[in-house]
Every structure is written in structure tokens, then in C-alpha cells.
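One structure below.
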Amino acid sequence: METAFPATRRTQVGIIGAGPAGLLLSQLLHLQGITSVVLENRSRQRVESRQRAGLLEQNTVNLLREAEAADRLDREGLVHEGVILSYNGRRHRIALSELTDGECVTIYAQTEVVKDLITKRLEAGGELLFEAEATRIEGLETDSPRIHFTYQGHAHILECDFVAGCDGFHGISRAAIPAELQKVYDKTYPYSWLGIIAQVPPSTDELIYAFHERGFALHSMRSAERSRLYVQCGVDDTLEDWPDERIWAELHARLGTSGWTLQEGPILEKSITPMRSFVSEPMQYHRLFLAGDAAHIVPPTGGKGLNMAVADTKSLFDALRAWYQAGDASLLQGYSAACMRRVWRVQEFSNYMTEMLHLLPGKAAFDQHLQQSRFDLLTTCPAASKVIAENYVGIAARRASEAVAEQVPGEIL
């Protein structure tokens, strides 16, 4: 909201970052009567235009409904009860709903989730400050941490009870945790994804993840009129290396199978995404709690990034609600431990899908046969398909988080 803001202001929860995690947390807190201020360093136009993920797990959809921000999602989202895996043109459908007692995934762009949440927050009079750059966090060891930020050309201070760091990989929140307390794990993959949005109805009713001897490809969608497609490309490739004709030729080759045709249309957007995995722990330090990309990144295979951020948000919201309503600090103290169990489950699944479906430059014939054997197992063993289904819809990650029976943290509050 572009209004005058006092030099120093107090709220209950200071939220850095207006991505899905920060916006959803603010909306959920508002519905419980807990105040928050969201600081976002980019413009509203930029936040609402970034093309990101578009696959929502059942729990993500449920939480958006709980936040009263799913009206348009329920009207326009594309519900998928299965997903298709392909190996050199040989396809196998994972029947998600049949294997998970009715759970499914919904295709609805992250961009639209963000727009819906921004609308909700502003309609409710929420304090959502765009082009407000958080520059420093102090006093995390006290009961009144302070976020220093610049807004409309002036320096400001936001005092709060807790800080939610939802400001992504490059934000300031993770850096506020002393370096000697952090453990960082990462993996960089030797390939990237070239992604396009095409103005053409999807050629498939369900997503197709395809391994091919020429490289990985994915057929997804953003709506009933727009398709989202990807091809594996080199880490040094540029958009200039990929004219439209080459993109469509590779998609035809990698996704093709007998009796099926890929429809082409005008390409509206192109981008190249590096593939990496990243985890930083702990996800909390005294009164600071990280959520989303500030603490972890997964390769996009499997569509887990947005869902991980929402799962963090749910855990943090539950913990803050318990604190404000009952003075119970146990969920706050166990936040990082519960999140980490889930994060590593999702990291393993994303890594499994990535390494099974991508052509590794220089890979030995032995490794290629292992990839084929993994695909063959899916086609012949129902239990293997069930494992994929439970991970894909998010059941396995929920179980991992719920399995944390007790946590013995350091003193944080």
C-alpha cells in the first residue's frame, strides 16, 4: 500500500519478502487477528509478472482455501489425477489419485497465486509495502527484533515480536544467522532447462516427463489456452542458441510417441533455468524463521519449490498461532527440525526424478542402463509407482515432517 509510513513502527510479525510464503503467512495471520507488515524490495508489477512454478500439491490448495484466497484457483485450476513418465517414447502413467486415496495435483501458475494473495491482503487493509528494501536485521536475541529498511526515499525501522525471512536465496534473512552456526549443502547439475510459454492449448491432459537419448523434455501447461514446455540444454547455452524452430524440433523428438501429436503455437516467453539443489540449516535463529528459497532450493523436476515454501509457511503459521493464542513455544522451538525432515525428503525425490530423466553429459553406458532399469521398475512394480505418487502429491513429505517426535533446541525465545 503506497501510503506514508512512520519512521518507526511496531507490529507482531515482520515479514521480509512478498513471494507466496510471505504473502500467505500474512494472510493466515490476519485471519487469526495477528498483525504483520510485509516488506518487498521489488515493485508490485515485477512481483506479479515473474513466471515461476505452476504445480500445486493437494495440501497447498487446501491451505490457500483456508486462507480464503482460492476462489479463482477453484474456478480456473486444472486438476490432474495422474502424471505420465516417458522413456524414449515408451510411456507409463502414474495414477496419482488411485495410488494416494484420492489426492491429486492442480495446475495453477505461481504468478496467479501471488496476484490472488496480494489482492486479498490489500482488500483487507494489510500493510504490504512494495519497493521497500530491508537492509539490516538486529536484536534477534531480544523479544523485540528490528528490521531496518528504506521506503519512499526514507529510512525506517520495523519493530516486531518475530521476523519471517521469506526473501529468497539472495535476501538478507539467511545472512542474519551467524555463519558459524550455518551448515550449507548444495549440488549443481551439469545441464539447464530451456523453458517456453506457447500460445497453444496443451497437447496432453496430464504432464509428460520424458527421458530421451537427445535429453529431457517436459510438457506442462499454464491454462487451457497456454502450454508450458521445457527441454534440457547445456549450462552454457543462451537463448540465441535456441531459435523457435530448434525448440519445436527438439520437443517433437523428445516427447514424441506413436499416435500422438505435439501442437505448435506462437512462443510468448523463453528463459533458461540452471539446475541446482541447496539447503541451509538451521531455518531459525532466536526470533528469526526462514521459509522458502531463503533456506532451500530444489531442481524444478517434480514441481516442488512452491509447495516447499507453502509447507514451511504452514509450519510457521501453526507455531506462531500456538504462541499467540496459548503461549506455547514448542512448535517454534521445533520449527527447523520439522522442516528439515520434510526438506530432505523433497530433495531426495527431486534428485531422483532429475537423475532418472536427464541425459548426463559423458554418462557411461552402465549409468544409462541403470536409468532404463529404474523406468522399467515403474512399469512392472505397482509399489514403485505408489512411491512416486506419494512423493509427487506431497504425502511422503508430510509424513517426514510429522515423524519428528521431539526436538531439543538451543534457547531461542
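Of LYS115/LYS304; LYS304/LYS386; LYS120/LYS270; LYS115/LYS183; LYS187/LYS314; LYS183/LYS386, which ones are farther than 25 Å apart at the Cα?
From LYS115/LYS304; LYS304/LYS386; LYS120/LYS270; LYS115/LYS183; LYS187/LYS314; LYS183/LYS386, over 25 Å: LYS120/LYS270; LYS115/LYS183; LYS187/LYS314; LYS183/LYS386.
Per residue, how many Å² of accessible area does the chain show with a 1.4 Å probe?
That works out to 42 Å² for each residue.
With just the Cα atoms defining each centre, how far is segment 4-35 from segment 140-177? Give it in Å.
Measuring centre to centre over Cα atoms gives 12 Å.
Within segment 160-176, name every residue whose backbone N is under 18 Å away from a label modeled 7 Å from Cα of ASP186 along the Cβ vector.
Taking a point 7 Å out along Cα→Cβ of ASP186, the residues of segment 160-176 whose backbone N falls under 18 Å are 167-176.
Tell me, how many Å apart are the Cα centres for segment 50-96 and for segment 375-401?
If you average the Cα positions of each part, the centres end up 16 Å apart.
Rounded to the nearest 0.05, what FRET efficiency do ALA364 and GLU225 have when you use their Cβ-Cβ distance and R0 = 41 Å?
0.40
Using only the alpha-carbon atoms, how far is helix 110-123 inclined from the longest principal axis of the chain? Give it as 0 to 90 degrees, nearest 10.
Between helix and principal axis, roughly 30 degrees.
On full extension of the chain, what length is gained from GLN263 through ARG91, given 0.36 nm per residue of separation minus the C-alpha to C-alpha distance? Intermediate results must be reported in sequence, preceding the final value.
Details: separation 172, 0.36 × 172 = 61.92 nm, distance 1.84 nm.
Gain on stretching GLN263 to ARG91: 60.1 nm.
Return the calculated 222 nm mean residue ellipticity for the chain, to the nearest 500 deg cm²/dmol, obtained by summing -39500 (n - 2.57) across DSSP H runs with n ≥ 4 and dividing by the residue count.
Calculated mean residue ellipticity at 222 nm is -11000 deg cm²/dmol.
If you wrap a convex hull around the C-alpha atoms of the chain and split its volume per residue, what is the figure in Å³?
151
Which semi-axes, in whole Å and largest first, does the equivalent ellipsoid of segment 254-400 have when worked out from the alpha carbon gyration tensor as the square roots of 5 times its eigenvalues?
Equivalent-ellipsoid dimensions as semi-axes: 36, 19, 16 Å.
In degrees from 0 to 90, rounded to the nearest 10, what is the angle of the helix 365-380 Cα long axis to the longest principal axis of the chain?
Result, in degrees: 80.
At 7 Å along the Cα-to-beta-carbon direction for both GLU245 and ASN62, put a label point, then send me their distance in nm to one decimal.
5.1
What FRET efficiency do you get for THR238 and ARG72 if R0 is 41 Å and r is their Cβ-Cβ distance, rounded to the nearest 0.05?
0.70
Pop a pseudo-label 7 angstrom from the Cα along the beta-carbon direction at both VAL79 and GLN51 and give the gap in nm to one decimal.
The answer from the label model is 2.8 nm.
Quick one, what does Rg over Rh come out to for segment 63-151 if you take C-alpha atoms and the Kirkwood Rh?
Dividing the radius of gyration by the Kirkwood radius yields 1.20.
Roughly how tilted is helix 305-326, in degrees to the nearest 10 and between 0 and 90, from the longest Cα axis of the chain?
Relative to the chain, helix 305-326 is tipped by roughly 30 degrees.
Tell me the label-point distance for the pair ILE272, ALA155, using the 7 Å Cα-to-Cβ offset, in nm and rounded to one decimal.
With each label point 7 Å from Cα toward Cβ, the separation is 4.1 nm.
Taking R0 as 25 Å, what's the FRET efficiency between HIS252 and TYR352 from their Cβ-Cβ distance, rounded to 0.05?
E(calc), rounded to 0.05, equals 0.40.
The values are calculated or read from the model by the stated rules, or taken from the named source; none is laboratory data. Fair warning: this is a prediction, and the values are worked out from it, not measured in the lab. No Cβ is skipped: glycine too gets one built from the backbone with ideal geometry, and neighbour counts run over all protein chains shown. For the accessible areas, the whole protein counts, side chains as well, though only heavy atoms, and no ligand, DNA or RNA atoms are used. Shrake-Rupley method; radii C 1.70, N 1.55, O 1.52, S 1.80 Å.
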